[in-house]
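Just below is one structure, and these are the notes that go with it.
The values are calculated or read from the model by the stated rules, or taken from the named source; none is laboratory data. If you're wondering where the values come from, they're calculated on a predicted model, not measured in any experiment. For neighbour counting, all protein chains shown are included, and Cβ atoms are generated from backbone atoms with ideal geometry for every residue, glycine included.
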Amino acid sequence: MARLLDSVRGYAGLPPRSREGMLALLAQYAGEERVREIGERLDPPRRGGFEIPRAVLMIVFASRAGSGYAGRLLAKTPYFANVGENFRINHLAAMRELHGLADNWQAAQWMIANRGTPWAFGLKGGFTQFVAAAQLGFFPQALGRTKFIILRRRDPLAQAVSLLKARKSGRFHSVQPEGRAVTLDDYDADAIARILKHIERNYRWFEQLLARLGKPAPTYYYEDLCAAPDRFVRAMLAKLDLPPVPDFEPSVDLTILRDEINAAWAERYRAERGDPACQPAPASL
């Protein structure tokens, strides 16, 4: 790993394009141990050489930012089949086993071919997804054609409360089965404060990483997607130079999980510790 870190220093500020340079840069954010661990879990016998559509989009986010909703909106266009965490290690392993594929490289190519279309491929995630995609050689090959956006929430406290509730229940998405029942007594102000700091740090690092890769990205907000989902989809297709979809229907198969417990926890946190700063106006849809 020391050799990798030396390699990125050698770029003298230029964006890294090699696998080694990207991994060295990512290690400065995800940590050397995490980068090494992901590489060992993937253990790809081949790297790069993927068949990739012309247009690639990555949604970069911290947990509970509404990425599932954004991905499902895009998957309702003819250009994407599934905009998910398509380089998540356990997802690659599941596809490898389900389809009898030889290795993680083939699993990644299956994701590109079957969750993308001949026109585009979409993925979403944070640092773990970045590292896995770099380890497999996807980003060294596809970075030039990839467009990035950062997705976050205007109200970081709502995001932190949502994540704490999801962790306590074990239910992160409405398509998952009911988990442990969460009550008002599960409130934990210290945990919410830690999550808030983690969220803010991650978004600061996402911006730094993308800038250092030469791919600065606009920020979009979940609340604005909810208010105007069709405008978000039009903006993403225009970003990728794809034709608009006439009469787009934005309904998706997701149920909002926030309830009176979310509201009560947020209200209590504000009363005890003040209101974390909400985010400024978003990039225009």
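Observations
- Members of region 49-63 found to be surrounded by 22 or more Cβ atoms within 10 Å (Cβ to Cβ) and under 10 Å from the mean Cα position of the chain (by Cα), listed by number: Met58, Ile59, Val60, Phe61, Ala62
The rows are residues; the columns are (1) small (Gly, Ala, Ser); (2) surrounded by fewer than 12 Cβ atoms within 10 Å (Cβ to Cβ); (3) at pLDDT below 95.
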site	(1), (2), (3)
Tyr221	no, no, no
Arg234	no, no, no
Asp247	no, yes, yes
Pro250	no, no, yes
Glu260	no, yes, yes
Arg270	no, no, yes
Ala281	yes, yes, yes
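- Selection count where residues are at pLDDT 95 or above, out of contact with any Phe, Trp or Tyr (no Cβ under 9 Å at 6 or more places or on another chain) and of a type in the set (D, E, K, R), scope region 95-149: 3
- Residues of region 121-132 that turn out to be farther than 13 Å from Ile59 by Cβ and either assigned to a loop (DSSP other than H, G, I, E, B) or touching a Leu at 6+ places or on another chain (Cβ under 8 Å) (or both), as a count: 3
- Residue satisfying condition, being at pLDDT below 95, among the small types (Gly, Ala, Ser), under 30 Å from Leu163 (Cβ atoms) and not in a loop (DSSP other than H, G, I, E, B), within set Gly71, Gly39: Gly39
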